[in-house]
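Participant: Quick one: the structure is below, questions incoming.
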Amino acid sequence: MLTYAEAELPPRLAEQVADLEAQAWPGSRAGHDPDLAPEVMLLCDDEGTVVASLALLHKPLRHGGRTYRAAGLSAVVTRDAARGRGYGGRLVAAARTALAADPAVDLVLFSCDRPLVPFYEAAGFTRLPGTVLVGGTPEQPLATDAPGFDKEVLADFPGADGDAAAFSGARIALYPGLVDRLW
């Protein structure tokens, strides 16, 4: 596994990540909001080809009268030709382990398409039934329960043990901005 601050990602690898993301989400813009301290995690094959990548995004999150040091997963993608071989699962599990070991992270929180829930649960994340993330900005919100979305919210609580109940069934104002509307 390789991890880079997004701004320090070598051009050869950045190009491969951008290609993978464009393959998965045609028309999307590569890169993340620098205010979210993006890090890129990569899994490469023996030839140095990126087979899977994801981004880790970070921001303070105010919820239930407390401020959490939150992180989220974004842009999780595996090369089409490499799917079904466990690369994505290994990368997501490594991301969870890295975030759990980071003393600057209290909470990991993100959404995914409902059919992907078992994939993230296998990596150790917990589904939060009834929880809704509200992204975008207060002026231009985007919620995981918006019409046409079929999203679930998952979490891990490495530095906020006992706070899981505060997030279950809650509406959480994530508001990461307009670049990364929902991570």
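Participant: Out of segment 39-59, which residues are more than 16 Å from A24 (Cβ to Cβ) and of a type in the set (G, A, S)?
Facilitator: Listed by number, the list holds a single entry, G48.
Participant: Output the residues belonging to segment 1-18 that are more than 22 Å from P176 (Cβ to Cβ) and not in a helix (DSSP H, G or I). It would help to see each step written out before you state the result.
Facilitator: Of all residues in segment 1-18, those more than 22 Å from P176 (Cβ to Cβ) come to 1-2, 10-13, 15-16.
Once the filter is applied, which keeps residues that are more than 22 Å from P176 (Cβ to Cβ) and not in a helix (DSSP H, G or I), segment 1-18 yields M1, L2, P10.
Participant: Now a separate question. One residue is enough: does segment 126-135 have a residue meeting the conditions closer than 26 Å to E15 by Cα, under 15 Å from the mean Cα position of the chain (by Cα) and of a type outside the set (S, T, Y)?
Facilitator: Let us first name the residues in segment 126-135 that are closer than 26 Å to E15 by Cα, namely none.
Scanning segment 126-135, I find no residue that is closer than 26 Å to E15 by Cα, under 15 Å from the mean Cα position of the chain (by Cα) and of a type outside the set (S, T, Y), so the answer is no.
Participant: If we keep just the residues of segment 111-154 that are under 21 Å from G86 (Cα atoms), touching a helix residue (DSSP H, G or I) at 6+ places or on another chain (Cβ under 8 Å) and assigned to a strand (DSSP E or B), which is most open to solvent (accessible area, probe 1.4 Å)?
Facilitator: Going through the qualifying residues, I end up with R127.
Participant: For residues in segment 157-183 being under 13 Å from the mean Cα position of the chain (by Cα) and open to solvent by less than 20 Å² (accessible area, probe 1.4 Å), which is modelled with the highest pLDDT?
Facilitator: Of segment 157-183, the ones under 13 Å from the mean Cα position of the chain (by Cα) are 174, 176, 180-183.
Those still in the list that are open to solvent by less than 20 Å² (accessible area, probe 1.4 Å) too: 174, 176, 180, 183.
Details: L174: 94, P176: 90, D180: 89, W183: 83.
If we take residues in segment 157-183 being under 13 Å from the mean Cα position of the chain (by Cα) and open to solvent by less than 20 Å² (accessible area, probe 1.4 Å), then L174 is modelled with the highest pLDDT.
Participant: While we're on this one: Looking only at segment 34-93, how many residues end up being assigned to a loop (DSSP other than H, G, I, E, B), of a type outside the set (A, V, I, L, M) and farther than 17 Å from Q16 by Cβ? Let's see the steps before the verdict.
Facilitator: Initially, segment 34-93 is screened for residues assigned to a loop (DSSP other than H, G, I, E, B), giving 37-38, 45-49, 64-65, 79, 83-86.
From what's left, of a type outside the set (A, V, I, L, M): 38, 45-49, 64-65, 79, 83-86.
Filter once more, keeping what is farther than 17 Å from Q16 by Cβ: 64-65, 84-86.
Of the residues in that region, 5 qualify.
Participant: Taking segment 19-33 only, how many residues are surrounded by fewer than 16 Cβ atoms within 10 Å (Cβ to Cβ), in contact (Cβ under 8 Å) with a residue 12 or more places away in the chain and assigned to a helix (DSSP H, G or I)?
Facilitator: 2
The values are calculated or read from the model by the stated rules, or taken from the named source; none is laboratory data. Everything numeric in this text was worked out from a predicted model, so none of it was measured. Here Cβ is always computed from backbone atoms with ideal geometry, including for glycine, and neighbour counts include all displayed protein chains. Accessible surface areas use protein heavy atoms only, side chains included; no ligands, DNA or RNA. Shrake-Rupley method; radii C 1.70, N 1.55, O 1.52, S 1.80 Å.
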